[in-house]
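Throughout, read-outs are computed from the coordinates displayed, never taken from laboratory work. Model, not experiment: these values are computed from the prediction. Note that each Cβ is placed from the backbone with ideal geometry, even for glycine, and that neighbours are counted across all protein chains shown.
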Amino acid sequence: MSPVTLLLLLLATFITATISGIFGMAGGLVLMGVLALLLPVSSAMVVHGAIQSVSNGWRAVILHQWINWRILAIYLTGSALAAGLLLWLTFELDAAWLFIALGLVPGFVWIPKHLLHLDAARPHHAIACGFTVTGLNVVAGVSGPLLDVFFAETDADRRAIVATKAATQVVSHGVKIGYYILPALTAGVLPAAHWLLLAAPLAILGTTLGTRVLNLMSDIQFRQWTKWIVSVIGLIYILRGITMLTGTS
């Protein structure tokens, strides 16, 4: 990894960790796009999973008293089912289609609630959440907007939502790392481990800063800003993917 690439990675880590600390997602979506520009897909998936595991893990630690442990335990069941299925599948999107997939993920937040009424507090919905979110995280690299669909109607305040989502994402990113690390190592495209020693403190610092901002927001502001931010990011990614496919980038 060149010094310029490392610098961009560290800067993106801090900024996106701050964003995720506020909204519980969006930061991961931005970071995945940055990594897809800088690294091969398998390497980007592993690096993203490692950074997001630190960021989400620290967010879960900060807000541990708000975690809904019942939802997390049931979510793990669905996540384990997805991991078992993925053992039988081998695939990797190229960069252009990865950007398009990333861009489509935020579309989940616009699904009318009367068409798809999901609530992670319901056991069978929590299992479906674990299965689909973990699967999408492996395919597209991120799954925050889909995860948000399962929590949008959950009877909880913003801190409980962010804390529980953070805990579930640690699990999903762990599965993603496990899926892509062998192909990345085999291809010799995985950066040396020293980058994580530099990125981890920045992820923790950004998450801490973002969590402080979260405490200043209202639940209404939290939900409104989250929806629009991820949608704009998604549109940019779709356009980027299309330009790469058409050779106009």
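What is the projected area of the convex hull of the Cα atoms of region 17-102, averaged over all directions, in nm²?
Numbers: hull surface 25.9 nm².
Spelled out: convex hull of the Cα atoms, projected over all directions, averaged, 6.5 nm².
Among 40-49, 198-207, 236-245, 85-94, what's the highest-first ranking by average C-beta atoms within 10 angstrom per residue?
Numbers: 40-49: 24.0, 198-207: 20.8, 236-245: 17.8, 85-94: 11.7.
Ranked by mean Cβ neighbours within 10 Å, highest first: 40-49, 198-207, 236-245, 85-94.
Among K227, K176, rank each residue by its count of other Cβ atoms within 10 Å, from fewest to most, as a rough exposure measure. Show your work: numbers first, answer last.
On the way: K227 17, K176 27.
Least to most surrounded, the residues fall as K227, K176.
Return the ratio Rg/(2.2 N^0.38 Å) for the chain, where Rg is computed over Cα atoms only. List each step's numbers first, then the result.
Details: Rg = 16.8 Å, N = 249, 2.2 N^0.38 = 17.9 Å.
Expressed relative to 2.2 N^0.38 Å, the Cα Rg reads 0.94.
Using the Kirkwood formula on the Cα atoms of region 1-60, what hydrodynamic radius do you get, in angstrom to one decimal?
11.3 Å
Working out 0.36 nm times the residue gap between N215 and L85, then minus their Cα-Cα distance, what length gain in nm do you get to one decimal?
Values: separation 130, 0.36 × 130 = 46.80 nm, distance 3.86 nm.
Here the segment from N215 to L85 would lengthen by 42.9 nm.
Would you please report the Å³ per residue occupied by the convex hull of the alpha carbon atoms in region 78-221? Show your work: numbers first, answer last.
Details: hull volume 19.1 nm³, N = 144.
For region 78-221, the hull spanned by Cα atoms encloses 133 Å³ per residue.
Please give me the summed charge of the neighbours of G28: other residues whose Cβ is under 13 Å from its Cβ, Lys and Arg +1, Asp and Glu -1. Please list the in-between numbers first.
Details: positive: R59, K165, K176; negative: D148.
After counting each charged neighbour, the total is +2.
Tally Lys and Arg at +1 and Asp and Glu at -1 over the other residues with C-beta under 14 Å from the C-beta of P183: what net charge comes out?
On the way: positive: K176; negative: E92, D94.
Counting the neighbours of P183, the net charge comes to -1.
So what's the angle, to the nearest 10 degrees on a 0 to 90 scale, between helix 69-86 and the longest Cα principal axis of the chain?
40 degrees
Per residue of region 176-193, in order, report the coupling 6.51 cos²θ - 1.76 cosθ + 1.60 (Karplus, θ = phi - 60°) as ³J(HN,Hα) in whole Hz, putting x for Gly and Pro.
Karplus values, whole Hz, x for Gly and Pro: 4, 4, x, 6, 9, 5, 5, x, 5, 5, 4, 7, x, 10, 7, x, 4, 5.
In terms of modelled amide H atoms, which long-range or inter-chain residues lie less than 5 Å from the amide H of H117?
So H117 has HN proximity to no qualifying residue.
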